[in-house]
There are 2 protein chains.
Amino acid sequence: VKRRVIVFGTGLIGTSVALALSGSGAEVELSDRDPQAVRLAAGRGAGTSLAEGPPDRPADIAVLAVPPAAMAETLLGAQKRGLALAYTDVSSVKGRPIAEAAALGCDLSTFVGGHPLSGGERSGPAAARADLFRGRPWVLCPGPETDQAAIGRVRALVRACGALPCLMDAERHDHAVALVSHAPHVVSSAMAARLLHGEHTALGLAGQGLRDVTRIAGGNPALWLEILSANAGPVADVLDEVAADLADTARALRSLGAGVGESAGPVMDVLVRGSAGRDRVPAPPKT
Amino acid sequence: VKRRVIVFGTGLIGTSVALALSGSGAEVELSDRDPQAVRLAAGRGAGTSLAEGPPDRPADIAVLAVPPAAMAETLLGAQKRGLALAYTDVSSVKGRPIAEAAALGCDLSTFVGGHPLSGGERSGPAAARADLFRGRPWVLCPGPETDQAAIGRVRALVRACGALPCLMDAERHDHAVALVSHAPHVVSSAMAARLLHGEHTALGLAGQGLRDVTRIAGGNPALWLEILSANAGPVADVLDEVAADLADTARALRSLGAGVGESAGPVMDVLVRGSAGRDRVPAPPKT
């Protein structure tokens, strides 16, 4: 029998999941608050519109690709209707949505929190594509209540999307993305914010280095406020450490400039540690 | 008559200048502490080896493409030998080398400080090429003592290299490069330094955003220590401002995380300012 999957939310991620699964032979049903978004995704071959009312039989999995703040409520509604045997989400932060689902009274035995690292910098359903997750990590964060059967179903879905399932507890996941994604975004923003005060001729001297450091600062502020708020503690820890390194470097530079001497140490130190840290960043995937 | 130019220092910048000028029909003589480096550059068609002793007649210009710390002394030696009618350097910081030249007793009437923004991230003479400066800004910082004739000669040299001469006083130049180049390097290093402490699995979740933010942190620490030390005050000012923004954002995130409320303001603020600052970064030159 064909795998049956329901996708809630036909934005970039939801539509890409639906395209990947439809392409692998699954039967996919789509739901979104915006009926036009469902028609658009269906028109691209992502699946068919989810019928109203109670289902004949539950789907294998429901994927909750809705905004993080709407996840717990959507999960509760789907579980009340008995729509699927297992549930997963795609929020880029894991601790808070799982806690919200627990607080709302969702059944966590059939839920496996997920986070596909799509590696894309695009957004919106028009950018959706079946190979968005191919070869990329897709973190799964089962909790102590999660059934093994649910984990198995969600792993199979991740593999069907061409991604690499990576099991991790929610807290460790949130610290990891604070370090490699959320804090770098704020650091890029704080550097780019300085450019508001720069003279036009100064900006004219910019090269590829500045373009690279500030590229992700061009992201959507409202979306990033939501992400950062949901992962506030771990992000704040990294930002405080970066701020302390920058303040120490500034202090050492001022004493160097004043010829006080013996203060090159902290400057050299951050440059050497930065170069070594940079060496740990994985190379881009071959395409 | 052919323009005659002497290039001191046959590294990436010196050899590229020599290749560009030789290509434009000038007669170029090369000098370097390392005779092997001169032979290498000459072998690439950059020019011929500068003869010892007093010249028959002075060259039009001598370009000092030596390390910044050696600039003033090289200038003094060349002026004592009467090697050229005008002199220029290529140091990426301008205030300090000019002050050192003045302190050493160099003749500043024939000297115009220069800084070609080559836009390249490569280094070493093997990467030298005649079109390294094409279409890029090349800052010139004449002082109050500088002769108009010297300025004219150096501007003509910059144009012969295909670059765009951009006159600016030395202090304004140093503030500009602190903002668009030197501080971004330290910010990238401080973010990359955090990755030394990350778990291997965390680094595995990194994407293109982290790669971009940390790319320039991979530069040579000793070279960057020299650059930052020579422009200590202006760089420290920018770093302090970035550190303050990061610390404020961390504080606001912690109170958000604690549900204290009404603290999203500073987080949203840095994201919005960062996005607007990013919009001021010029697009890459079309090639």
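The values are calculated or read from the model by the stated rules, or taken from the named source; none is laboratory data. Computed from a predicted model, the values in this text were never measured in an experiment. Neighbour counts are summed over all protein chains in view; Cβ atoms, including those assigned to glycine, are modelled from backbone coordinates with ideal geometry. Note: accessible area is taken over every heavy atom of the protein model, side chains too, but ligands, DNA and RNA are not part of it. Shrake-Rupley method; radii C 1.70, N 1.55, O 1.52, S 1.80 Å.
Run down A:Ala222, A:Ala206, A:Ala236 and say which single residue is aliphatic (A, V, I, L, M) and modelled with pLDDT of 95 or more. Walk me through it before giving the result.
Values: A:Ala222 fails: modelled with pLDDT of 95 or more; A:Ala206 fails: modelled with pLDDT of 95 or more.
Only one candidate passes the filter, namely A:Ala236.
List the strands (runs of 3 or more DSSP E) that sit entirely inside segment A:1-89 and contain at least 1 residues that are over 24 Å from A:Ala149 (Cα atoms). Break it down stepwise before answering.
Numbers: elements: A:4-8, A:27-31, A:59-64, A:84-89.
Output list reads A:27-31.
Conditions: (1) in contact with a helix residue (DSSP H, G or I) (Cβ under 9 Å, 6 or more places away or on another chain); (2) over 22 Å from A:Ala101 (Cα atoms); (3) within 12 Å of another protein chain (Cβ to nearest Cβ). A:Trp138 meets all but one. Number of the miss?
For A:Trp138, the failing item is (2).
Only one of (1) at the interface with chain B (Cβ under 8 Å from one of its Cβ atoms); (2) touching an Asp or Glu at 6+ places or on another chain (Cβ under 6 Å) fails for A:Leu196. Which number is that?
(2)
Within segment B:144-186, can you find the residues that are part of a loop (DSSP other than H, G, I, E, B), touching a residue at least 24 places away in the same chain (Cβ under 8 Å), away from every other protein chain (no Cβ under 14 Å) and open to solvent by 30 Å² or more (accessible area, probe 1.4 Å)? Can you show your working first?
If we filter segment B:144-186 for residues that are part of a loop (DSSP other than H, G, I, E, B), which is where we start, we get B:144-147, B:161-163, B:168-169.
Adding the requirement that they be touching a residue at least 24 places away in the same chain (Cβ under 8 Å) leaves B:145-147, B:161-163, B:168-169.
Those still in the list that are away from every other protein chain (no Cβ under 14 Å) too: B:145-147, B:161-162.
Selection gives B:Glu145, B:Asp147.
Output the residues belonging to segment A:201-210 that are open to solvent by 20 Å² or more (accessible area, probe 1.4 Å), in a helix (DSSP H, G or I) and closer than 17 Å to B:Asp174 by Cα.
Residues of segment A:201-210 that are open to solvent by 20 Å² or more (accessible area, probe 1.4 Å), as a first pass: A:201, A:204, A:208.
Cutting the leftovers down to in a helix (DSSP H, G or I) gives us A:201, A:208.
Passing the criteria: only A:Thr201.
Quick one: in segment B:211-254, which of the residues that are open to solvent by less than 30 Å² (accessible area, probe 1.4 Å), part of a helix (DSSP H, G or I) and more than 7 Å from chain A (Cβ to nearest Cβ) is nearest to A:Arg251 (Cα to Cα)?
B:Pro234
Keeping to segment B:187-200, report how many residues are part of a helix (DSSP H, G or I) and open to solvent by 10 Å² or more (accessible area, probe 1.4 Å). It would help to see each step written out before you state the result.
We begin by selecting, within segment B:187-200, every residue part of a helix (DSSP H, G or I); these are B:187-197, B:200.
Subset that is open to solvent by 10 Å² or more (accessible area, probe 1.4 Å): B:194, B:196-197, B:200.
Adding up the residues that qualify gives 4.
Please go through segment B:185-234 and give me each residue that is basic (Lys, Arg) and in contact with a helix residue (DSSP H, G or I) (Cβ under 7 Å, 6 or more places away or on another chain), ordered by number. Steps first, answer last, please.
Applying the first criterion (basic (Lys, Arg)) to segment B:185-234 yields B:194, B:211, B:215.
Once the filter is applied, which keeps residues that are basic (Lys, Arg) and in contact with a helix residue (DSSP H, G or I) (Cβ under 7 Å, 6 or more places away or on another chain), segment B:185-234 yields B:Arg194, B:Arg215.
In segment A:83-121, what residues are closer than 19 Å to A:Glu226 by Cα and open to solvent by 50 Å² or more (accessible area, probe 1.4 Å)?
A:Arg96, A:Ala99, A:Glu100, A:Glu121, listed by residue number.
Which of the residues belonging to segment A:148-182 are within 20 Å of A:Ser109 (Cβ to Cβ) and polar (S, T, N, Q)?
Once the filter is applied, which keeps residues that are within 20 Å of A:Ser109 (Cβ to Cβ) and polar (S, T, N, Q), segment A:148-182 yields only A:Gln148.
Across segment A:99-120, which residue is nearest to A:Pro137 (Cα to Cα) among those that are within 15 Å of the chain's Cα centre (by Cα) and at pLDDT 95 or above? Full working, then the answer.
Initial filter on segment A:99-120 (within 15 Å of the chain's Cα centre (by Cα)): A:113-120.
Of the ones still in play, those that are also at pLDDT 95 or above are A:113-116.
Details: A:Gly113: 14, A:Gly114: 11, A:His115: 9, A:Pro116: 6 Å.
Selected residue: A:Pro116.
So, B:Leu117, is that one within 14 Å of chain A (Cβ to nearest Cβ) and closer than 30 Å to A:Ser92 by Cα or not?
no
Being out of contact with any strand residue (DSSP E or B) (no Cβ under 9 Å at 6 or more places or on another chain) and modelled with pLDDT of 90 or more is the filter here; which residues of segment B:34-61 pass it? Walk me through it before giving the result.
Pass one, segment B:34-61, residues out of contact with any strand residue (DSSP E or B) (no Cβ under 9 Å at 6 or more places or on another chain): B:34, B:36, B:40, B:43-45, B:52-54, B:56.
Within segment B:34-61, B:Asp34, B:Gln36, B:Leu40, B:Gly43, B:Arg44, B:Gly45 qualify.
Looking at (1) within 17 Å of B:Ala230 (Cβ to Cβ); (2) open to solvent by 10 Å² or more (accessible area, probe 1.4 Å), can you tell me which one B:Val139 breaks?
It is condition (2) that B:Val139 fails.
Among residues belonging to segment A:255-274 that are hydrophobic (A, V, I, L, M, F, W, C) and more than 7 Å from every other protein chain (Cβ to nearest Cβ), point out the one that is most open to solvent (accessible area, probe 1.4 Å).
Among those residues, the one meeting the criterion is A:Val260.
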